[in-house]
Amino acid sequence: MKLINIGFGNMVNTNRIVTVVSPESAPAKRMVQEAKERGNLIDATHGRRTRAVIITDSDHIILTYLQAETLANRFNDEVLSEGDGGDE
């Protein structure tokens, strides 16, 4: 299980992430509202502005203050560091 830091010490299992989207689009806003009503919304912003919405394979929606690009870089760094350890 590989974890990615989404801010403030909160971690998400990278194997469960389906996508990371901008919170500004109408479909993302609708998904966030529906998740809130179902009780599947996890707000990890600590009161800051939501900059990315993480959608998981378990239908949980996670809000983070980190930008989607930052999360993608962290995910890619994790994947690259995984490959470095197996060559020796």
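The values are calculated or read from the model by the stated rules, or taken from the named source; none is laboratory data. Small disclaimer: the values here were computed from a predicted structure and weren't measured. Counting neighbours? That spans all protein chains shown, and the Cβs are built from the backbone with ideal geometry, glycine included. Ligands, DNA and RNA are stripped out before the accessible areas are found, and what is left, the full protein with its side chains, is counted by its heavy atoms. Shrake-Rupley method; radii C 1.70, N 1.55, O 1.52, S 1.80 Å.
In segment 1-16, which residue that is in contact with a helix residue (DSSP H, G or I) (Cβ under 8 Å, 6 or more places away or on another chain) and either open to solvent by less than 70 Å² (accessible area, probe 1.4 Å) or among the charged types (D, E, K, R) (or both) is farthest from Ser81 (Cα to Cα)? Give the steps one after another, and end with the answer.
Looking only at segment 1-16, we keep the residues that are in contact with a helix residue (DSSP H, G or I) (Cβ under 8 Å, 6 or more places away or on another chain), and these are 1-6, 14.
Filter once more, keeping what is either open to solvent by less than 70 Å² (accessible area, probe 1.4 Å) or among the charged types (D, E, K, R) (or both): 2, 4-6, 14.
Working: Lys2: 11, Ile4: 13, Asn5: 15, Ile6: 18, Thr14: 14 Å.
Of everything passing the filter in segment 1-16, Ile6 is farthest from Ser81 (Cα to Cα).
Per the listing Leu71, Leu80, the residue uniquely outside any strand (DSSP E or B), surrounded by 13 or more Cβ atoms within 10 Å (Cβ to Cβ) and among the hydrophobic types (A, V, I, L, M, F, W, C) is Leu71. Can you pull out every residue in segment 31-60 that is outside any loop (DSSP other than H, G, I, E, B), exposed (fewer than 12 other Cβ atoms within 10 Å of the Cβ) and among the basic types (Lys, Arg)? Listed by number, the list holds a single entry, Arg38. Residues in segment 1-23 that are closer than 15 Å to Ile61 by Cβ and either in contact (Cβ under 8 Å) with a residue 60 or more places away in the chain or assigned to a loop (DSSP other than H, G, I, E, B) (or both): 3 in all.
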